[in-house]
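Novice: Encoded as structure tokens, here's the structure I'll be asking about.
The values are calculated or read from the model by the stated rules, or taken from the named source; none is laboratory data. Please read all numbers here as calculations on a predicted model, not as lab measurements. Neighbour counts run over all protein chains shown; Cβ positions are idealised from the backbone, glycine included. SASA here: full protein model, heavy atoms, side chains in, ligands and nucleic acids out. Shrake-Rupley method; radii C 1.70, N 1.55, O 1.52, S 1.80 Å.
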Amino acid sequence: MSSPTGPASGLPVRMPRPRQPGRHRRPEPVVAPEGAPAFVLAVPGTPGSASRGLAEEVVSIARSELPGLDARIGYLDGDDDEYPTLESVLARTAAERTARYEQALAAGREAAEPQGPAAVVVPLLAGPESALMRRIRQAVMDSRTAVELTDVLGPHPLLAEALHVRLSETGLARADRARLFTVTTAADGIILATVGGDEAVQAAGITGMLLAARLAVPVMAAALDEEGSVAAVAEQLRGSGSTQLALAPYVIGPEVPDSLLDAAVKEADCATAEPLGAYPAIGKLALSHYTTALGIAPQQLAQGMPVH
């Protein structure tokens with residue numbers, strides 16, 4: 001596993017074509033540099049068609065933002081058959097990189113020896129779910145490959161936007177505060193439901209403040225995996241004057257069983273929005289974590305900047 005400061009220099013970079021002159025020239029396409037580490041999305045939870053579809057959509061969004069990206073999916077509870085485990089995906093990624101280098105040498109082509117991480121692992125988690133993150137770290141270590149592991153996706157303003165959209169989709173919030181019409185079913189208090197205990201609740205509170213600013217209603221975070229947490233927050237919101245509550249799942253989806261969300265809705269006795277799922281911001285944030293781990297920005301990739 002590489003150091004948190006990022007990979008070593010020396011990765012070959014695809015150079016851009018000469019730019020066309022003129023004020024109306026087309027923008028240069030943003031492309032992944034040749035030889036860059038693979039982007040590996042670490043998917044928690046029990047694998048299934050729903051989680052695979054979600055993960056594939058997130059990866060598709062990342063690829064659309066950065067064409068040429070070597071993107072892969074590893075399941076924390078995979079079976080190495082239909083759903084490859086994170087550990088096996090990382091081991092195979094490293095082996096393929098070594099094989100490409102050896103093939104280039106055997107063919108008499110000039111090739112730089114692989115340096116830095118073979119992959120950057122991005123957890124498909126909105127908040128710091130400590131138990132799942134420990135398992136992801138263990139899978140990274142068990143793969144015995146040079147890997148850079150990023151942080152979870154939140155807190156981030158884009159996640160507040162995603163929560164707002166999910167609430168508006170079910171009529172629990174206005175899609176745009178600037179509009180004059182009134183949504184009669186709009187909630188006047190939001191329970192931001194996360195997983196991961198107190199640490200996750202504190203982290204979710206940051207995104208909650210951003211969401212409260214967007215909706216102009218109180219937002220309080222609660223832990224789905226702590227008995228009584230959701231009910232206590234619901235009681236506190238009602239005690240402060242909120243009469244129409246809504247539960248906003250601050251989860252992407254695969255990391256929690258549906259039964260846990262269903263129980264929370266009953267506990268709070270309120271309406272609920274859908275989980276974040278494959279909202280476009282999720283793919284963009286995952287890619288942002290990937291490029292940040294490499295110490296580069298997307299615009300640098302387009303300009304053919306070397307990776308350090």
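Novice: Quick check on region 99-120. Is at least one of its residues under 24 Å from GLU199 (Cα atoms) and either of a type outside the set (Phe, Trp, Tyr) or in contact with a Phe, Trp or Tyr (Cβ under 6 Å, 6 or more places away or on another chain) (or both)?
Specialist: no
Novice: Next question. Exactly one of (1) closer than 22 Å to ALA36 by Cβ; (2) open to solvent by 80 Å² or more (accessible area, probe 1.4 Å) is unmet by ALA106. Its number?
Specialist: Unmet condition: (1).
Novice: Taking ALA173, is it hydrophobic (A, V, I, L, M, F, W, C) and within 21 Å of the chain's Cα centre (by Cα)?
Specialist: no
Novice: Would you confirm, using the coordinates I've provided, whether ARG72 is in contact with a Leu (Cβ under 8 Å, 6 or more places away or on another chain), of a type outside the set (A, V, I, L, M, F, W, C), assigned to a helix (DSSP H, G or I) and farther than 20 Å from PRO275 by Cα?
Specialist: Values: in contact with a Leu (Cβ under 8 Å, 6 or more places away or on another chain): yes; of a type outside the set (A, V, I, L, M, F, W, C): yes; assigned to a helix (DSSP H, G or I): no; farther than 20 Å from PRO275 by Cα: yes.
Answer is no for this residue.
Novice: Hey, another quick one. Regarding region 219-226, can at least one residue be identified that is acidic (Asp, Glu), surrounded by 15 or more Cβ atoms within 10 Å (Cβ to Cβ), under 21 Å from GLU161 (Cβ atoms) and in contact with a helix residue (DSSP H, G or I) (Cβ under 7 Å, 6 or more places away or on another chain)? If you could, list the steps in order and put the result at the bottom.
Specialist: Of region 219-226, the ones acidic (Asp, Glu) are 225-226.
Subset that is surrounded by 15 or more Cβ atoms within 10 Å (Cβ to Cβ): 225-226.
Pick out the ones that are also under 21 Å from GLU161 (Cβ atoms) and you get none.
Within region 219-226 (the criterion being acidic (Asp, Glu), surrounded by 15 or more Cβ atoms within 10 Å (Cβ to Cβ), under 21 Å from GLU161 (Cβ atoms) and in contact with a helix residue (DSSP H, G or I) (Cβ under 7 Å, 6 or more places away or on another chain)), the answer is no, since none of the residues qualifies.
Novice: Here is a further query. For residues that are closer than 19 Å to ALA119 by Cβ and open to solvent by 40 Å² or more (accessible area, probe 1.4 Å), scanning just region 28-38, find the one that is modelled with the highest pLDDT.
Specialist: Step one: filter region 28-38 for residues closer than 19 Å to ALA119 by Cβ, giving 31-38.
Retained after the next criterion (residues that are open to solvent by 40 Å² or more (accessible area, probe 1.4 Å)): 34-35.
Details: GLU34: 77, GLY35: 80.
So, considering only residues that are closer than 19 Å to ALA119 by Cβ and open to solvent by 40 Å² or more (accessible area, probe 1.4 Å), the one modelled with the highest pLDDT is GLY35.
Novice: Restricting the first residue to region 242-271 and requiring it to be closer than 17 Å to ALA55 by Cβ, which pairs with a second residue that is assigned to a helix (DSSP H, G or I) and of a type in the set (S, T, N, Q) meet a Cβ separation below 8 Å and a spacing of at least six or different chains?
Specialist: GLY253/SER51; PRO254/SER51
Novice: Something else: For region 209-236, name all the residues that are of a type in the set (A, V, I, L, M, F, W, C), more than 18 Å from LEU260 (Cα to Cα) and not in a strand (DSSP E or B).
Specialist: MET209, LEU210, LEU211, ALA212, ALA213, LEU215, ALA216, VAL217
Novice: Looking only at region 207-227, count how many residues are farther than 23 Å from PRO44 by Cα and either of a type in the set (A, V, I, L, M, F, W, C) or modelled with pLDDT of 95 or more (or both).
Specialist: 12
Per-residue answers, yes or no, for (1) surrounded by fewer than 21 Cβ atoms within 10 Å (Cβ to Cβ); (2) of a type outside the set (A, V, I, L, M, F, W, C); (3) without any contact (Cβ under 8 Å) to a residue 60 or more places away in the chain; (4) out of contact with any Pro (no Cβ under 7 Å at 6 or more places or on another chain):
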| residue | (1), (2), (3), (4) |
| --- | --- |
| ALA111 | yes, no, yes, yes |
| PRO128 | no, yes, no, yes |
| ALA131 | yes, no, no, yes |
| VAL140 | no, no, no, yes |
| GLY154 | no, yes, no, yes |
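Novice: Follow-up. Can you tell me how many residues within region 267-278 are of a type in the set (Val, Ile, Thr) and part of a loop (DSSP other than H, G, I, E, B)?
Specialist: Adding up the residues that qualify gives 0.
Novice: Specify the residue that is surrounded by the fewest Cβ atoms within 10 Å (Cβ to Cβ); the eligible residues are those in region 39-69 that are assigned to a helix (DSSP H, G or I) and of a type in the set (Gly, Ala, Ser). Write out each step before concluding.
Specialist: Going through region 39-69, the residues assigned to a helix (DSSP H, G or I) turn out to be 49-65.
Imposing the further condition that a residue be of a type in the set (Gly, Ala, Ser) reduces the set to 49-51, 53, 55, 60, 62, 64.
Details: SER49: 8, ALA50: 14, SER51: 22, GLY53: 12, ALA55: 23, SER60: 13, ALA62: 23, SER64: 13.
Checking each candidate, the answer is SER49.
Novice: For ALA200, which of the numbered conditions (1) modelled with pLDDT of 95 or more; (2) outside any loop (DSSP other than H, G, I, E, B); (3) closer than 26 Å to PRO47 by Cα; (4) touching a Gly at 6+ places or on another chain (Cβ under 9 Å) fails to hold?
Specialist: (1)
Novice: If you check every pair at least six apart or on different chains, which have Cβ atoms under 6 Å apart with a residue in region 166-194 that is at pLDDT below 75 first and a residue that is among the charged types (D, E, K, R) and open to solvent by 50 Å² or more (accessible area, probe 1.4 Å) second?
Specialist: Sorted first by the residue in region 166-194, then by its partner, the pairs are VAL183/ARG174.
Novice: Just to check your reading of the model, which residue among THR145, THR93, THR98 is in a loop (DSSP other than H, G, I, E, B) and of a type in the set (S, T, N, Q)? First the steps, then the outcome.
Specialist: On the way: THR93 fails: in a loop (DSSP other than H, G, I, E, B); THR98 fails: in a loop (DSSP other than H, G, I, E, B).
Answer to the selection: THR145.
Novice: Could you run through region 279-290 and say how many residues are open to solvent by 20 Å² or more (accessible area, probe 1.4 Å) and either in contact (Cβ under 8 Å) with a residue 24 or more places away in the chain or assigned to a loop (DSSP other than H, G, I, E, B) (or both)?
Specialist: Residues of region 279-290 open to solvent by 20 Å² or more (accessible area, probe 1.4 Å): 279-280, 284, 288-289.
Cutting the leftovers down to either in contact (Cβ under 8 Å) with a residue 24 or more places away in the chain or assigned to a loop (DSSP other than H, G, I, E, B) (or both) gives us 279-280, 284, 289.
Of the residues in that region, 4 qualify.
Novice: Also: For region 249-266, how many residues are surrounded by fewer than 24 Cβ atoms within 10 Å (Cβ to Cβ), out of contact with any Asp or Glu (no Cβ under 9 Å at 6 or more places or on another chain) and part of a helix (DSSP H, G or I)?
Specialist: 7
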